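Take a look at the structure set out below.
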Amino acid sequence: MLGGGSFTVKTLTEIRRTERMNATYIPVMLHYLPTANSLVAVHLPYLHYNIAGTEEDILADIKVLGKYQFYRKDGTGKTFRMVAKTLQSIPTGDKVDIIGLSTGFYESYFGIVAGYESLKYGISTEMGYNLVPDGTQDEFRVKGGFGLPLLKPQYPNKQVNLFFEYTSSLFPERDWYQLLYAQGVQYARKNITFDLAIQWPLTQDVDEGREFLTSVFLGTRFTF
């Protein structure tokens, strides 16, 4: 969390490849912190996809994000925080069953995020459930991440961070399971950051032809 009254403009492009399709997802994310403990945001996403030779450029499902930090404990050079999170997906996209990007169904996600950060490393976890009342994309999600800064703390801010993240997804209505791993690097300079990450499956049990192959993420963030 940043100071109350601050704005952040972000994007996190995802280039996803599966056995079924290729997709490029480019969201414009507008984040606002009404207070130091709360955040509201809207994500306006462009999506290009190719499924079985059919290519489309669309507005994908718009997402509205809310976060509230309900616990914080600071120490010398370290902090631990817990946040309640909700993500509401509005079905503005096509019903093409691209999970997380464009399902064409209303989705409601609720989760808890916990994070510990020190001058030497950071650890984050997230657990939540995504409810899709009219679809079959319900998901129980657990994430675990580790961050490692490579440079000494300095002011103005200049840092290179490595990120390692695991995502476990269970889709109970489809009896699917995926365990994905992402390796990322971030460059931060003053109030701007740039991100690059690659994600691939460690294990997955899904229907034939729906296997996840890789995702490449390219992101930037500007805070003012």
Diffusion coefficient in µm²/s returned for region 1-65 by Stokes-Einstein, Kirkwood Rh over C-alpha pairs, 10 °C and 1.306 mPa s, is 120
Counting only protein heavy atoms with a 1.4 Å probe and every protein chain in place, the carbon and sulfur fraction of the accessible surface of the chain in whole percent equals 62
Probe 1.4 Å, heavy atoms of protein chains only: per residue, the accessible area of the chain in Å² is 54
Given Cβ charges of +1 for Lys and Arg and -1 for Asp and Glu, the option among 6, 35, 71 whose Cα lies farthest towards the positive end of the dipole of region 5-75 is 71
Toy charge model, Lys and Arg Cβ at +1, Asp and Glu Cβ at -1: the chain dipole around Cα centroid in debye, rounded to 20, equals 1620
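Report, in cubic angstrom per residue, the convex hull volume of the C-alpha atoms of the chain.
Working: hull volume 25.8 nm³, N = 224.
Dividing the Cα hull volume of the chain by its residue count gives 115 Å³.
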Log entry: pair-distance distribution for region 1-134, C-alpha pairs binned every 10 Å from zero, whole % per bin is 12, 33, 33, 16, 5, 0
Straight-line reach check, residue 10, cutoff 20 Å on alpha carbons, 8 or more apart in-chain or any other chain, hits among lysines -> 63, 67, 85, 158, 190
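The values are calculated or read from the model by the stated rules, or taken from the named source; none is laboratory data. None of the values given here were measured: they were computed from a predicted structure. Here Cβ is always computed from backbone atoms with ideal geometry, including for glycine, and neighbour counts include all displayed protein chains. When the accessible area is computed, the model is the full protein with side chains, heavy atoms only, and any ligands, DNA or RNA have been set aside. Shrake-Rupley method; radii C 1.70, N 1.55, O 1.52, S 1.80 Å.
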